[in-house]
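Notes follow once the structure below has been shown.
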Amino acid sequence: MTGDVWAAGDAYEAYVGRWSRRVAPLFVEWLGVPAGRRWLDAGCGTGALTAAIMASGPADVIGLDPSQGFLRSALDATRVAGDAAALPLRDGAFDVVVSGLALNFVPDPARAVAEFTRVAAPGAIIAAYVWDYADGMQMMRHFWDVAAAPNRDESRKFPICREEALRRAWSDAGLDDVRTRAIEIPTIFASFDDYWTPFLGATGPAPAYLASLDDAERRRIRDDLRRRLPTTETGEIALTASAWAVQGRKTAG
């Protein structure tokens, strides 16, 4: 994984996990996998995607993540500590291999997709989704536009988080029937504090960057965001979050 801070499950949930849990069921529905299949959730984090898989019907799910803090927060499924680019799992073991909001944190995404393909059975579905940091993940887009830190901005750090890059990665891995789609959800914050406080948790690229700044610069970013964000008469901040999803199938023969 990258040097970004991903360790505290509770801080992740407050920051982005609550929105991930809304994307995951839409992603699982799009895959349309019959019940009773063997799933690997690579980069399972605190279990948003695992939960959506288990809610969709009976399934045998293994969740893998390098963070012990995240694994302790995950659902009651089989959990394995490991690296998505070097899976400690046997060849052809899964009917479905998925990854939710994690592929961009692997230093070599192509290697991870190759590993997903290796552990997938012939005919298996291999799929992932990542936030659209460039345009669709508005809560983070507003932050980075105000922070003015281009070298830390996820839209520049993670080129895999674009539709064409995902499609190319899946095609280059030799997968068949490659398809992509955007998944968009509303992200309604009850107040500015509801938006801002999770950025103080030091978990994730933007919160970690914020934690590295002095008090004056943190106040500057906070105050600029307060002026910038669209606020209703009741104090709510209504934004949207969009993720790019991709799926393909391992050759059956």
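The values are calculated or read from the model by the stated rules, or taken from the named source; none is laboratory data. Computed from a predicted model, the values in this text were never measured in an experiment. Cβ placement follows ideal geometry from the backbone for every residue including glycine, while neighbour counts extend to all protein chains displayed. Side chains included, ligands, DNA and RNA excluded: accessible areas come from the protein's heavy atoms. Shrake-Rupley method; radii C 1.70, N 1.55, O 1.52, S 1.80 Å.
The set of residues from the stretch 209-235 being small (Gly, Ala, Ser) and open to solvent by 70 Å² or more (accessible area, probe 1.4 Å) comprises just one member, 212.
Yes or no, residue by residue, for (1) of a type in the set (D, E, K, R); (2) at pLDDT 95 or above; (3) within 29 Å of residue 186 (Cα to Cα):
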| residue | (1), (2), (3) |
| --- | --- |
| 68 | no, no, no |
| 72 | yes, no, yes |
| 75 | no, no, yes |
| 79 | yes, no, no |
| 82 | no, no, no |
| 103 | no, yes, yes |
| 119 | no, yes, no |
| 148 | no, no, yes |
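Counting residues in the stretch 78-90 that are β-branched (Val, Ile, Thr) and within 15 Å of the chain's Cα centre (by Cα) gives zero.
Restricting the stretch 160-180 to residues that are among the basic types (Lys, Arg) and in contact (Cβ under 8 Å) with a residue 24 or more places away in the chain, the residue that is nearest to residue 104 (Cα to Cα) is 162. Within the stretch 14-30, one or more residues are surrounded by fewer than 21 Cβ atoms within 10 Å (Cβ to Cβ), over 12 Å from the mean Cα position of the chain (by Cα) and modelled with pLDDT under 95.
Could you please let me know if residue 50 is among the hydroxyl-bearing types (Ser, Thr, Tyr), touching a strand residue (DSSP E or B) at 6+ places or on another chain (Cβ under 6 Å), open to solvent by 20 Å² or more (accessible area, probe 1.4 Å) and in contact (Cβ under 8 Å) with a residue 12 or more places away in the chain? Here the answer is no, as residue 50 does not meet what is asked. Among the conditions (1) among the charged types (D, E, K, R); (2) in contact (Cβ under 8 Å) with a residue 12 or more places away in the chain; (3) within 22 Å of residue 103 (Cα to Cα); (4) in a helix (DSSP H, G or I), residue 194 misses just one, which is (3). Scanning the stretch 164-208 for residues that are out of contact with any helix residue (DSSP H, G or I) (no Cβ under 9 Å at 6 or more places or on another chain) and open to solvent by less than 30 Å² (accessible area, probe 1.4 Å) yields one hit, 208. The set of residues in the stretch 137-159 that are open to solvent by 10 Å² or more (accessible area, probe 1.4 Å), in contact (Cβ under 8 Å) with a residue 40 or more places away in the chain and among the small types (Gly, Ala, Ser) contains only 149.
Which residue is farthest from residue 17 (Cα to Cα), if the candidates are limited to the stretch 197-218 and must be at pLDDT below 95 and assigned to a loop (DSSP other than H, G, I, E, B)? Step by step, filter the stretch 197-218, then rank; the result is 202. For the stretch 221-235, residues that are in contact (Cβ under 8 Å) with a residue 12 or more places away in the chain, at negative phi and out of contact with any strand residue (DSSP E or B) (no Cβ under 6 Å at 6 or more places or on another chain) total 6.
Total residues in the stretch 236-249 satisfying the condition of being surrounded by fewer than 22 Cβ atoms within 10 Å (Cβ to Cβ) and either under 18 Å from residue 94 (Cα atoms) or not aliphatic (A, V, I, L, M) (or both): the figure is 4.
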